[in-house]
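Single-structure report; data block below.
Only the coordinates and a few stated rules stand behind these numbers; no lab work does. Please read all numbers here as calculations on a predicted model, not as lab measurements. Note that each Cβ is placed from the backbone with ideal geometry, even for glycine, and that neighbours are counted across all protein chains shown.
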Amino acid sequence: MDFSFTEEQLMIQDVARRIAQEKIAPSAEDHDRSGEFPLENIRLLGENGLMGIEVPGEYGGAAMDPIAYVLAMIEIAKGDAAHSTIMSVNNSLFCNGILTHGSEAQKQEYVRAIAEGREIGAFALTEPQSGSDATAMRCRAVKQADGSFRINGKKSWITSGPVAKYFVLFAMTDPDKGARGITAFLIDGDRAGFHRGKTEPKLGIRASATCEIEFADYVAQPEDVLGEEGHGFKIAMSVLDAGRIGIASQAIGIGRAAYEATLAYVKERKAFGQPIGAFQMTQAKIADMKCKLDAAFLLTLRAAWLKGQGKKFTTEAAVAKLTASEAAMWITHQALQIHGGMGYSKEMPIERYFRDAKITEIYEGTSEIQRLVIARHETGLR
Ligand code: CAA
């Protein structure tokens, strides 16, 4: 077993680290306060290959492997979690889904623009009444005599929804068939029948714009179907498997940012005549933070390695996401506690890390859903 990274992987990590520290981190607080979408930075990430890390060069990407994606995501999330949310949806949920399931024409039309950072992509699965229970969707796509589909319905909590041009949409084409009656479509947000709702006011990742979208007699052509009709649910699930590696990486980045800030603080801050890092209670927290971060990183690398080898990685991605997101929540909580009043203040980034970490336990499958996926695999029972 080789734990070293390749030159290419280290190179993209370095590019991501540099952009994150020089361009993203300095404005993270402002973006958090204003909630302004960081379009300029997203374009910069695209120009540097970070919006299509696993996308082959012929479609405008960096042609790297899933491990390179993990390393780059961690760096961007350390700089600002909201940027890494936008990056993960573009890479994992949008480009990855089309690369795996799309036609040559779809790859040329949709993937290149996103991978190069010229446009933003989004993934529309969740609805107001269906989150974890994704097959309970109501959005309908009704086939017309000429082979086109008429789409009506609402999707909610759409990351990058207010600014995205292209969407991977999941809609029910045959409600009698349940999961097997769902079809995936590629949607152009500039076409008639597509509407955006209000932007959600969120606890964290505030600069990653999120909104509801609505379809009112939107017409999708047969060539807009992604994969085969009726295969949409499997596409959604397999795309989310890859997405969960991205969210695990994001959680590690947030956790590392909080950990590094805490390490510096415990050496500097004094109480009862010594640095607070010399107290055993603080040392125990530091040791546990380090263990949780290392475990999350290694589990995420395992899932990414399996993906890169073309092997099944559903369970390993769920294990990585569950471990990393719960580690990020615990670490940011402890970091805030160690910083005391300063941690609670907006003058330091700790409270932002704490707010940002929470979403990693919710989106792309809650911690409860990850446990369900893992336990179903382990027991064979459901
Ligand atoms: N890969 C491929 N196919 C899969 C799969 C996977 N990982 N998991 C399930 N399937 C297939 C099954 O084999 C089955 O196929 P057959 O009909 O041929 O047998 C079909 O899908 C249905 O599977 P289940 O019976 O297991 O489905 P279920 O209704 O019990 O649901 C679930 C399973 C795991 C709970 C699933 O609904 C799930 O993951 N829910 C969470 C949804 C989620 O993560 N939402 C996040 C929203 S997106 C987001 O957050 C993006 C963002 O903006 C950041």
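Brief remarks on what is shown
- By average C-beta atoms within 10 angstrom, highest first, the peptides 122-129, 351-358: 351-358, 122-129
- Which of 62, 16, 96, positive extreme of dipole for segment 7-120 (C-beta unit charges): 96
- For the pair segment 92-166 and segment 332-362, the centres of their Cα atoms are 33 angstrom apart.
- Protection proxy ranking, highest mean first, for peptides 69-78, 136-145, 194-203: 69-78, 136-145, 194-203, where packing is the per-residue count of other beta-carbon atoms within 10 Å, averaged.
- Projecting label points 7 angstrom from Cα along Cα→Cβ for residue 281 and residue 5 puts them 3.7 nm apart.
- Space enclosed by the convex hull of the alpha-carbon atoms of segment 66-171, per residue, Å³: 132
- Within the chain, the ratio Rg/Rh, alpha carbon atoms throughout and Rh by Kirkwood, equals 0.99.
- Every Cα-Cα pair in segment 6-114 was counted, and those over 24 Å apart are 22% of them.
- The chain: most fluctuating residue of 182, 120, 338 per GNM, C-alpha cutoff 10 Å: 338
- Radius of gyration over Kirkwood radius for segment 233-379, both on Cα atoms: the Rg/Rh ratio is 1.06.
- DSSP bridge orientation in segment 71-180 - percent antiparallel, rounded to nearest 5: 50
- Sorted from greatest to least, the principal axis extents spanned by the alpha carbons of segment 300-367 come out as 48, 19, 15 Å.
- Phi-derived couplings, Karplus 6.51 cos²θ - 1.76 cosθ + 1.60 at θ = phi - 60°, listed residue by residue for segment 219-228: 9, 9, 8, x, 6, 8, 6, 9, x, 9 Hz, with x used for Gly and Pro.
- Listed peptides 267-275, 88-96 by packing density, highest first (mean Cβ within 10 Å): 88-96, 267-275
- Efficiency of FRET from Cβ geometry, residue 268 and residue 295, R₀ 30 Å, rounded to 0.05: 0.65
- For 159, 6, order by how many other beta-carbon atoms lie within 10 Å, fewest first: 6, 159
- Rg followed by Dmax, in Å, when segment 122-230 is reduced to its Cα trace: 13.5, 46
- Rounded tilt (10° steps) of 350-359 against the dominant C-alpha axis of the chain: 30
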